[in-house]
Each structure stands twice: as C-alpha cells, then as structure tokens.
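Shown next, in structure tokens, is the structure this report addresses.
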Amino acid sequence: MKRILISILAFSVFLNIIPNTIEAKVYDIGKGYKVELHAPNGGKPYYHVHVTRKDGSVRRCINLSNFKECDKKNRKGNIGKAAYDKMLSLKKVKSVIISYHKAKLKLIKKKVPKWAWYTIAGIATVVAITTSVFPGDDAAAGAIWKIALSV
C-alpha cells in the first residue's frame, strides 16, 4: 500500500513538472522568421511573442496585450512589416489578442452605467438617421446598441 501511494505521489509530481518545461509554441512564418508564443509566467505575466530570424540576426519580444516591446535590452534589429503582419495573422496569436480585447471591453462595460449606454446609442442613431456624411455610421450605431443591450 505504501509503494502504491508513493508511486501515485511521484507520478503526480512528474505530471506537474511537464507543463512547466514546455515553455513556448514555435511557428515558422516564412522568409527566415520564426515566432515563439509564450504564455504568462513568473517573469512576464502576459502573453508575449519572440520574433527571431533563423540566423539570429533579428530578435524582438512583443507584448500581446499592448503591442509594445517587452524586452528592450535583448532587442536586436528590426522585423519587417510582412513578418509582423504574418505573426499577427497566426490563429493562436489572434485568439490571444481577441481575449485581451474582450476583457478590456468587459471592464469598460462595467464602468459605464446602463443609462449612459442607452443615451450614447440613441444619439448615435439620431446622427445616423439625420446625416449621410459618415459612411458606416449606421453600423456604429448598431454596434453601440448591441453593447447597450448586453450590459
């Protein structure tokens, strides 16, 4: 019985160590670049990506919550716009960015009272009906109504 208990305990410790050793997912985005997507950890409590050239000539760290550099001291060179756009188009990177923006929108919704959302939506609707100057103003009014009704 004691051996079984020790075996189960050792196995559970082993299972807890494995996810910590798998640190990043690496994606090849072409043109000699690779992207490493890192989950939040003790040093950096946010999702971030390392964009590097395979020959090591370029190295960048980008925070996905605000798109600023997160490690300026180890920065080396510049990544091109095509590589940057390809990095942003990765499915996993997109889902991380969308989750950050959804969280920010929820915070904004909580701070603004419901009556204010209805007032803003009403004003946007009146502007959309009375003017035809702004293209897409009716879509904006609809989006504001959607937010107002979901609060």
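In the range 69-94, of all residues being modelled with pLDDT of 80 or more, under 15 Å from HIS38 (Cβ atoms) and not acidic (Asp, Glu), the one that is nearest to the chain's Cα centre (by Cα) corresponds to VAL93. Apart from one condition, LEU64 fits all of (1) of a type outside the set (Gly, Ala, Ser); (2) closer than 14 Å to ALA24 by Cβ; (3) touching a Lys or Arg at 6+ places or on another chain (Cβ under 7 Å); the exception is (3).
The values are calculated or read from the model by the stated rules, or taken from the named source; none is laboratory data. Computed from a predicted model, the values in this text were never measured in an experiment. Cβ: placed from backbone, ideal geometry, glycine included. Neighbour counts: every protein chain shown.
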